[in-house]
1. How many angstrom lie between the C-alpha centres of segment 295-370 and segment 59-75?
2. Give the separation of the Cα centroids, segment 391-428 to segment 174-196, in Å.
3. Along the positive direction of the dipole of the chain (beta-carbon charges: Lys, Arg +1; Asp, Glu -1; about the Cα centre), which of 310, 230, 394 reaches farthest?
4. Between residue 436 and residue 272, with labels modelled 7 Å along Cα→Cβ, what's the label distance in nm to one decimal, could you check?
5. Let me know the shape class of segment 382-439, please: from the alpha-carbon gyration tensor, a ≥ b ≥ c as square roots of the eigenvalues, rounded when a/c is under 1.5, otherwise prolate if a/b is greater than b/c, or oblate.
6. Out of segment 410-482, which GluC sites (Glu not before Pro) are coil in DSSP terms and have no more than 13 other C-beta atoms within 10 Å?
7. For the pair residue 222/residue 465, report the inter-label distance in nm, with labels modelled 7 Å from Cα in the Cβ direction.
8. Hey, fewest Cβ within 10 Å first, where do 355, 254 land in order?
Amino acid sequence: MTFVAVLAVSCCGDLQVGDFSVSPLPKEINIKDGDPYVFGRRVVIRTTDELETVAGLLASDLEEAFGKRPEISDNKGNIILSIEDSLPTEGYRIECGKDAIRIAGGGPAGVLYGAKTLYKALPICGQGPVALPAAVVEDAPEYPYRGFLVDVGRHFFTVDYLEELIDIMALHGINVFHWHLTEDQGWRVPVPGYPKLIEVGSKRSGTIKAPGSDEYDNIPVEGFYTREDMERIVKYAADRQITVIPEIDMPGHMLAALASYPELGCTGGPYAIPLRFGVFEDVLCPGKDAALVFAKTVLKEIMDIFPSKYIHIGGDECPKDRWVECPDCQARIKALGIKAIPGKSKEELLQTWFMGQMKEFIESNGRTMMGWDEVLEGTPDKDVVVCAWTSPAAVTRSATLGHPTIVCPIQHYYFSNPRFNQLKGRESLSRVYDFQMVPEGLSEEQMGNIIGSEACIWTEWVADSTKLEWEMLPRLAALAETQWGSPKDLDAFLPRLKKMTGLYDRRRWNWKEDIAQAWEEVVE
Ligand code: ACM
Ligand code: ZN
């Protein structure tokens, strides 16, 4: 790969000079005296073996910008990629001068973020040759966990489309794709020994038409991912420096599994996959050994497919009604000697025990358990990673208790929530952008427990990619700025955001246009 080819910049007219004030905003941009780098007839990306994937992605981005793919070389080039050990792994430095643009990163992730900054800095050019100003840009993200969740249980999205979503995440510096794979309304993962999870659990016959409605659309919803599909997503994401964290939600939100294997529930069923949404009383029966074997078999398969350190096992919204009545659950409680304590019923403590069993299993496979903040209703070990979704107060509680904490309160970061989506324009952005991720009143040590944040798209009312993108964009850019640690100034963010929407348009990604009201007064 040592040849040089001509890159035709498909513009003509006046020189257009780009701007490194992209979103998320780099930590330091020092504009230098001197000539800009002008993208001319020849653009060659120089790389090393280790950075070959990053170089390929940069070539694709520049191809999209200029209409022709630059070549990649291992011994010459005018965009030069390198690793520099003194930089943070996810940090980078861009040196842009007349003759070359050098991007150094502490690791491939840093180089990729530098390459994305370069791409975003380019003018979105209709006409004219393109340049970038002489500058040194230094940057690194603030939070190590920068996540985005997509629920494929309520509605199914194809592997091809998930790759598109991963591209969107990569543009925003997201480094975790939290893949919510199972729900009451659909099970999406084949598990050896349990074929009915797919034959029965991955299909439903229709969907309620609107919240509170008693009408159903009779449009079948079905789909699942083969092991190869999931491995493909893991690789596609890893190439873009994104870790896929799988979630198997248990012991609640499991009706699709119970409809497939009724013997795993307290009553023995029969159970039906619901066509409506909400929290259902029928959940996994922790009193039955078969249910524990099932849960561990599923997790084993998941851990074989997904190399992530964290494995998410839900733990949210699990009513205890059935467990109170179930002889097997009550026998388990008795055998374990579980007694109610002030503020906690025996059945709540049974869930703590069940989650503890799964945690032990996950740890025996060298991984770390992650759960929703309901896991704090028990007294889990401090190393359990908590996604604090129920409120900002849950963030405080989790961080105070000493858990690695992911900030994702429904009020701010549930992009699909019908109630909060009533907000339009500036308020809609501000709901995300101005939310103080780190609550007041935490000690330095407790603040250190907050390892990042994530936004969520739950797909009860999201059946297609257009709506998914409307909910995701452009608020994902607001989230990304808070994850990256850009200074909080909504007015200053708006021009950067406007530029991002130009990139969305170029990729034909849908975005919520009412948000453009936010910059009408601020951006000329
Ligand atoms: C959740 O929204 N039930 C995690
Ligand atoms: Zn039971």
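Readers should treat all values here as calculations from the given coordinates under stated rules, not as data from a laboratory. Please read these numbers as outputs of a predicted model, since none were measured by experiment. Note: ideal-geometry Cβ built from the backbone for every residue, glycine included; neighbour counts use all protein chains shown.
1. Each part's Cα centre sits 50 Å from the other's.
2. Answer, in whole Å: 24.
3. Farthest towards the positive pole: 230.
4. My value for the distance between the label points is 4.9 nm.
5. Prolate, since a/c reaches 1.5 and a/b exceeds b/c.
6. 440
7. The two pseudo-label positions are separated by 2.3 nm.
8. Numbers: 355 25, 254 30.
Lowest to highest Cβ neighbour count: 355, 254.
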